[in-house]
Amino acid sequence: MKKIALLALLWGGGAAATELVYTPINPSFGGNPLNGSFLLSKAQSQNDHTAPTEKTSFVDQFRAALERNIINSLTRRIADGELTEGVYDTGEYRIEVSGGEGAGVVVTITNLTTGEVTVITMPSVG
């Protein structure tokens, strides 16, 4: 009789179940936006990687800025249609500008360090 009563109690007791609802924690996936700074600080505290620092001299920085200015100036003049044919050396690169077929512009960029050559052909507009 005890077995039947115990079985009835376990089986007939009705198990109540609740619905499981997932709520995301990460604000990128719909979670509470106030969790963002907490998650970021946790990630940063676990990050052991440090980026290598490269010290460049003033002369190297000046040379790089000068190269950028020369390249920007050439690009602007070519884009404006002021074709200035010639060869320009910027240190690491040699840039050759010439008139192409059909009055277009051909720019040949040679990396003097690696020998890599890039040719850009721009047709004339008009």
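Tabulated results
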read-out: Of all residues making up region 78-87, the number that are surrounded by 12 or more Cβ atoms within 10 Å (Cβ to Cβ) and either among the aromatic types (Phe, Trp, Tyr) or at pLDDT 80 or above (or both); value: 0
read-out: Identity of the residue in region 104-126, surrounded by 11 or more Cβ atoms within 10 Å (Cβ to Cβ), of a type outside the set (Val, Ile, Thr) and more than 20 Å from ALA64 (Cα to Cα), that ends up modelled with the lowest pLDDT; value: SER124
read-out: Elements of type strands (runs of 3 or more DSSP E) in region 42-116, at least 3 residues being touching a residue at least 12 places away in the same chain (Cβ under 8 Å) and farther than 30 Å from ASN26 by Cβ; value: 93-99, 105-111
read-out: Number of the exception - ILE95 against (1) surrounded by 10 or more Cβ atoms within 10 Å (Cβ to Cβ); (2) within 25 Å of the chain's Cα centre (by Cα); value: (2)
read-out: Counted residues, region 54-77 - those being β-branched (Val, Ile, Thr) and modelled with pLDDT of 85 or more; value: 2
read-out: Any hit, region 56-66, residues being surrounded by 12 or more Cβ atoms within 10 Å (Cβ to Cβ) and on the phi > 0 side of the Ramachandran plot; value: no
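The values are calculated or read from the model by the stated rules, or taken from the named source; none is laboratory data. If you're wondering where the values come from, they're calculated on a predicted model, not measured in any experiment. Please note: Cβ atoms are built from the backbone with ideal geometry, for glycine as well, and neighbour counts cover all protein chains shown.
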